[in-house]
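The values are calculated or read from the model by the stated rules, or taken from the named source; none is laboratory data. Note that the structure is predicted; figures quoted are calculated from it, not measured. Please note: Cβ atoms are built from the backbone with ideal geometry, for glycine as well, and neighbour counts cover all protein chains shown. Ligands, DNA and RNA are excluded from the accessible area calculation, which covers all protein heavy atoms including side chains. Shrake-Rupley method; radii C 1.70, N 1.55, O 1.52, S 1.80 Å.
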Amino acid sequence: MNTNIIKKKIYIKTWGCQMNDHDSSIIANILIKTKNYIITETPELSDILILNTCSIREKAQEKLFHQLGRWKKLKQQNSNILIAIGGCVAAQEGKKIYKRAKFINIIFGPQTLHNLPELIKKAYKNKNLIIDIKTKSLKKFNYSINNTLNKKFTSFVTIIEGCNKYCSFCIVPYTRGREVSRNQKNILSEIKQLTRIGVREVILLGQTVNAYHTYDFINKKKYNFSDLLYSISEIPKIDRIRYITSHPKEFNNDLIEAYKYIPQLTNFLHLPVQSGSNKVLKLMKRGYSTEYYEDIVNKLKFIRPTMSISSDFIVGFPGETNHDFQKTLDFISKINFDTSYSFIYSKRPGTRAAKLIDNTPIEEKKNRLAILQKKIIQQSLQWRRRMLGTIQSVLVEGQMKNNIKNLYGRTENNRIICFKGKPELIGQFVSLKITKINYYTYLKGEIN
Ligand code: SAH
Ligand code: F3S
């Protein structure tokens with residue numbers, strides 16, 4: 001019997017970060033599990049359209065209404081289509097979205113996505129808007145388990161949600177709510193379960209992932225991020241541990257020490273500094289200085305001399321002078337950052353930085369961004385160049401599409417590498433010698 005005939009088709013569109021991507025996979029998992037829905041790639045053929053939004057930068061509201069304009073046309077052709085808006089813009093704007101787009105059916109937030117099956121049922125019965133954007137729910141963690149049955153080798157695992165840091169530029173604490181850590185037993189059992197479908201690498205997720213802490217009731221003591229890393233390192237088959245994103249202020253000595261004792265921790269760390277000027281860092285309310293940041297990096301490099309560090313940078317923050325910007329450029333050289341992400345400051349409604357005077361012209365900000373990105377690219381290329389001839393541990397992810405005799409995988413510092421190998425190696429770690437450096441595509445290597 002083909003039960004697909006009665007299943008409703010769902011299309012999910014996602015904006016933003018890995019956190020949002022992961023949230024969308026959770027939404028898909030939850031809905032598939034009800035056995036009432038299947039996920040499609042074609043909005044035109046779908047019964048339910050879900051948009052998982054992000055409001056970190058850009059003109060998120062405008063982008064939302066632009067997208068809704070397109071979906072409105074689909075709804076005009078078929079009035080039975082349901083439209084659900086989730087994510088940070090939904091949490092922030094709530095009912096205001098409905099006021100401008102009366103044809104939408106559901107508004108849900110990042111912490112209420114597990115309620116979607118119920119919300120959809122209600123929406124089919126009731127033509128009025130269904131809205132559920134509470135932020136303080138812990139329940140999502142019960143559903144955030146990555147329990148796909150598809151074979152895979154690397155997997156995200158959410159360990160902490162929300163953020164208490166209130167950096168003056170950032171909307172996240174307002175949209176994702178206060179910090180909540182997930183129970184350690186739950187996390188460990190999810191990872192053990194993932195190893196059964198082939199997972200060898202976990203990427204621990206959180207807005208401030210290293211602020212993770214719970215209580216260990218057996219040993220009657222605080223159980224923090226480094227404790228969790230030690231526990232994960234004892235799980236057989238997990239040979240690589242990554243995490244995003246950590247905050248310098250929470251990067252304590254226990255975590256630095258962990259790099260001595262946990263070989264599964266990669267030699268690559270994403271640790272956003274945002275600016276190289278202490279004056280700007282203060283205005284951003286980041287809670288650390290460049291000297292403090294440098295000290296962390298030096299301690300890490302003492303333990304792992306070949307470790308590479310990447311960062312996020314914001315240019316054109318209110319009050320950033322050319323002199324401050326120059327300090328950021330100097331700091332990039334000093335730390336010798338690997339690939340980094342950089343953005344022009346974007347004013348977010350309701351944040352503290354939105355009240356600061358910002359008199360740098362946009363053209364000047366664009367100019368600074370271009371200079372900074374050029375520098376970052378140059379440094380990233382140097383990191384690549386230095387990899388030539390080295391031996392790298394690579395997790396093999398699959399066969400190349402253009403030539404199935406070639407496999408590909410990722411190095412610890414996230415470079416894709418292609419090499420000749422048998423398909424049995426897929427899902428395994430191999431030692432590869434880097435034989436060719438391409439600057440803009442993948443590297444080439446051979447089995448060592
Ligand atoms: N703790 C999360 C923060 C998510 S925001 C993390 O570090 O991943 C990701 C990045 O977006 C930040 O590090 C910052 O560089 C950038 N960002 C956040 N708010 C911004 C804003 N208002 N304007 C420009 N960039 C911003
Ligand atoms: Fe945003 Fe700062 Fe938290 S960048 S997510 S408020 S650590």
Working only within the range 435-448, note down all residues that are in a strand (DSSP E or B) and over 28 Å from the mean Cα position of the chain (by Cα). Thr435, Lys436, Gly445, Glu446, Ile447
Given the range 209-306, what strands (runs of 3 or more DSSP E) lie entirely inside it while holding 3 or more residues that are in contact with a strand residue (DSSP E or B) (Cβ under 7 Å, 6 or more places away or on another chain) and within 23 Å of Asp338 (Cβ to Cβ)? 240-244, 268-270
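Yes or no, residue by residue, for (1) within 30 Å of Thr351 (Cβ to Cβ); (2) touching a residue at least 24 places away in the same chain (Cβ under 8 Å); (3) in contact with a Pro (Cβ under 7 Å, 6 or more places away or on another chain):
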{"residue": "Tyr11", "(1), (2), (3)": "no, yes, yes"}
{"residue": "Gly16", "(1), (2), (3)": "yes, yes, no"}
{"residue": "His22", "(1), (2), (3)": "yes, yes, no"}
{"residue": "Ile26", "(1), (2), (3)": "yes, yes, no"}
{"residue": "Asn29", "(1), (2), (3)": "no, yes, no"}
{"residue": "Ile38", "(1), (2), (3)": "no, yes, no"}
{"residue": "Glu44", "(1), (2), (3)": "no, yes, no"}
Return yes when Asn164 is open to solvent by 40 Å² or more (accessible area, probe 1.4 Å), modelled with pLDDT of 85 or more, on the phi < 0 side of the Ramachandran plot and within 14 Å of ligand 2 (Cβ to nearest atom) and no when it is not. yes
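Every residue in the range 167-198 that is in contact with a helix residue (DSSP H, G or I) (Cβ under 9 Å, 6 or more places away or on another chain), part of a loop (DSSP other than H, G, I, E, B), open to solvent by less than 20 Å² (accessible area, probe 1.4 Å) and away from ligand 2 (no atom under 16 Å from the Cβ), please. Lay out the reasoning, then the answer.
Pass one, the range 167-198, residues in contact with a helix residue (DSSP H, G or I) (Cβ under 9 Å, 6 or more places away or on another chain): 167-172, 174-177, 179-184, 186-188, 191.
With part of a loop (DSSP other than H, G, I, E, B) added as a condition, the list becomes 167-171, 176-177, 179, 182-183.
After this cut, where a residue has to be open to solvent by less than 20 Å² (accessible area, probe 1.4 Å) as well, the list is 167-168, 171, 176-177, 182.
Of everything in the range 167-198, just one residue is in contact with a helix residue (DSSP H, G or I) (Cβ under 9 Å, 6 or more places away or on another chain), part of a loop (DSSP other than H, G, I, E, B), open to solvent by less than 20 Å² (accessible area, probe 1.4 Å) and away from ligand 2 (no atom under 16 Å from the Cβ), namely Arg182.
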The lone exception for Ile241 - which of (1) surrounded by fewer than 19 Cβ atoms within 10 Å (Cβ to Cβ); (2) more than 16 Å from ligand 1 (Cβ to nearest atom); (3) within 17 Å of the chain's Cα centre (by Cα) it fails: (1)
In the set Ser289, Ser277, which member is open to solvent by 10 Å² or more (accessible area, probe 1.4 Å), without any contact (Cβ under 8 Å) to a residue 60 or more places away in the chain and among the small types (Gly, Ala, Ser)? Ser289
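Every residue, every condition in (1) within 26 Å of Ile344 (Cβ to Cβ); (2) among the aliphatic types (A, V, I, L, M); (3) within 11 Å of ligand 1 (Cβ to nearest atom), yes or no:
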site: Pro236; (1), (2), (3): no, no, no
site: Leu269; (1), (2), (3): yes, yes, no
site: Pro272; (1), (2), (3): yes, no, yes
site: Asn278; (1), (2), (3): yes, no, no
site: Ile303; (1), (2), (3): no, yes, no
Filtering the range 250-261 down to residues that are surrounded by fewer than 21 Cβ atoms within 10 Å (Cβ to Cβ), away from ligand 1 (no atom under 11 Å from the Cβ) and more than 22 Å from Ile191 (Cα to Cα) yields Asn252, Asn253, Asp254, Ile256, Glu257, Lys260
